[in-house]
Amino acid sequence: MPIAEGHKTVVMGLGYIGLPTAALIARSGIETVGVDVNPDVVETVNQGRVHLEEVDLDGLVRGVVERGHLRASLTPEPADAFIIAVPTPLGEGQAPDIGYVLDAARTIAPVLAPGNLVILESTSPVGTTEQVCAAIAKARPDLAVPGHCDGNADIFVAYCPERVLPGRILVELVDNDRCIGGITPRCARRAMTFYRGFVRGACVTTTARNAELVKLVENSFRDVNIAFANELSIIADGMDIDVWDVIALANRHPRVNILQPGPGVGGHCIAVDPWFIVHGDPDNSRIIRTAREVNLAKTEHVVARARALIAQLPDDSEIALFGLAFKANIDDFRESPAVEIAAALAREYGARIAIVEPFARELPAVLAAAGARLVALDDALDTAQAIVLLVDHEVFRSVPLDERRDKMVYDTRGLWPDQPLRSDWTERRQGGAR
Ligand code: SAJ
């Protein structure tokens with residue numbers, strides 16, 4: 001089924017992946033219906049507006065809604081292809097909760113017809129696509145569902161994880177390679193034909209279980225490697241060595257590529273997906289679990305280091321925290337280690353904590369409640385005696401040493417290589433020179 005006019009696609013879930021995916025499919029002229037359980041989201045999209053920030057998404061959605069190619073609804077309707085892109089949060093005891101996925105499968109089951117394609121895109125524990133088939137087979141005993149019938153099935157079911165980076169979603173949805181796992185080889189081939197309609201990257205087929213693990217492995221690989229960098233940063237700190245120097249020099253080796261330490265790992269993917277693997281095989285996921293623990297501990301380490309810095313300051317001094325987002329140059333503060341650190345410090349030091357976040361119009365409630373203040377960059381540079389840099393936003397990089405020289409600075413991102421080393425705090429207060 002090459003994507004072409006006359007075909008219709010339903011996308012279940014209009015979040016960070018579902019909405020851009022629906023809009024891209026609609027852009028190719030396909031009638032696309034985005035389904036969401038939230039009436040506000042449905043209304044917003046039907047007005048041609050977006051409820052989330054992503055580069056170029058607003059213009060794309062406006063265009064496809066105006067042309068009548070995309071509309072939103074609270075309920076699914078008959079179509080040729082169905083994409084499930086709903087959340088899979090962590091539940092009790094770090095167990096993956098696939099309840100929304102199974103709800104979506106049960107919701108589309110009544111409108112499925114022979115020849116339909118069902119694709120799961122949500123990050124999911126291994127075996128979830130098979131559970132989607134089981135849910136559909138239970139709801140529709142009249143349909144031959146792959147894995148639940150002899151001979152050829154009536155419908156095609158596949159798993160194809162998204163791999164896009166927030167801030168580059170529309171580019172990466174098109175350019176990234178896709179790994180497409182079919183419940184059967186026929187399912188995989190059918191889904192591949194669908195993706196080829198709007199993906200420029202290579203579309204590679206495999207089994208559904210393989211594809212499920214591939215997604216989890218990609219983000220766990222990243223988490224483990226960031227944990228290595230974070231562990232190094234704590235070791236180097238204790239030795240009074242600049243970890244970024246060490247990493248840059250080690251990375252000159254042709255087969256070494258160490259990632260960057262930071263205040264911990266944020267976002268909704270890398271800090272979450274490794275638990276799906278750990279939960280699936282707790283006895284054998286020792287490195288993956290430890291990496292998670294190391295990255296979580298790095299956030300606590302930053303709070304402790306910041307406290308040690310503040311302890312050296314007069315009681316009425318102001319401490320500026322630079323950045324709240326979970327990574328550079330975006331306005332997403334959810335699951336952000338910077339927010340966690342800021343909240344811990346604000347609870348302790350209240351109004352002494354000034355927060356500089358050019359991507360925020362107001363402080364998250366937890367920080368406002370603790371008495372922290374949102375201030376402009378220039379004001380913080382004028383009045384703060386210490387800076388704890390938590391996010392490597394470009395705008396912070398351009399602050400010259402002259403404007404930081406007299407302050408105590410704890411740079412958790414290595415953004416200011418010209419800043420004197422942290423050991424210098426004590427010497428400075430004692431009048432020592434570097
Ligand atoms: N981070 C570091 N050091 C680094 C790199 C990242 O501390 O060297 C931190 C960031 O500051 C941030 C967190 O890790 O707090 C995650 O940021 P990220 O930019 O590495 O990744 P995400 O979470 O925005 O997106 C990831 C991507 N996965 C991989 O790169 C393997 C993306 O391709 C996935 O589609 C996305 O997860 C997802 O949805 O699963």
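Structural descriptor for region 8-201: relative contact order 18 percent, calculated from alpha carbon pairs under 8 angstrom and at least 6 residues apart.
Among the protein heavy atoms of the chain, carbon and sulfur supply 51% of the accessible surface, probe 1.4 Å, non-protein parts ignored.
In this structure the amide hydrogen of V11, modeled in the peptide plane, comes within under 5 Å of the amide hydrogens of V33, G34, V35, I83, none closer than 5 places in sequence on its chain. Ordering V35, L57, I119 by Cα displacement along the dipole of region 8-201 toward the positive end leaves I119 in first place; charges were set at the Cβ atoms of Lys, Arg (+1) and Asp, Glu (-1).
Using a Förster radius of 30 Å, what is the FRET efficiency between D103 and R49 based on their Cβ-Cβ separation? Nearest 0.05, please.
Plugging the Cβ-Cβ distance into 1/(1 + (r/R0)^6) gives 0.70.
Sparsely packed loop sites in region 182-238 (the trypsin sites (Lys or Arg not before Pro) outside DSSP H, G, I, E and B with at most 15 other Cβ atoms within 10 Å) comprise R200.
Structural descriptor for the chain: relative contact order 10 percent, calculated from alpha carbon pairs under 8 angstrom and at least 6 residues apart.
S73 to E348: extension gain in nm, 0.36 nm per residue of separation minus the Cα-Cα distance?
Full-extension gain reported as 94.4 nm.
Judged by the mean number of other Cβ atoms found within 10 Å, the most tightly packed of the peptides 282-289, 82-89 leads the ranking 82-89, 282-289.
Loop-located chymotrypsin sites (Phe, Trp or Tyr not before Pro) in region 156-203 (DSSP state other than H, G, I, E, B) with a sparse environment of at most 16 neighbouring Cβ atoms within 10 Å: F198.
Taking the Cβ-Cβ separation of V214 and I287 as r and a Förster radius of 22 Å, what is the calculated FRET efficiency to the nearest 0.05?
Once the sixth-power term is evaluated, E becomes 0.80.
Entry note, region 106-205: relative contact order of 25 percent, from Cα contacts under 8 Å with a spacing of 6+ residues. Scan the chain and report its longest stretch carrying no GluC sites (Glu not before Pro) that are both in a DSSP loop and have at most 11 other Cβ atoms within 10 Å. Of all site-free stretches, the longest is 6-361.
The values are calculated or read from the model by the stated rules, or taken from the named source; none is laboratory data. This structure is a prediction, so every number in the text was calculated from the model and none was measured. Don't worry about glycine lacking a Cβ; one is built from the backbone with ideal geometry, like all the others, and counts go over all protein chains shown. With ligands, DNA and RNA removed, areas are computed over all heavy atoms of the protein, side chains included. Shrake-Rupley method; radii C 1.70, N 1.55, O 1.52, S 1.80 Å.
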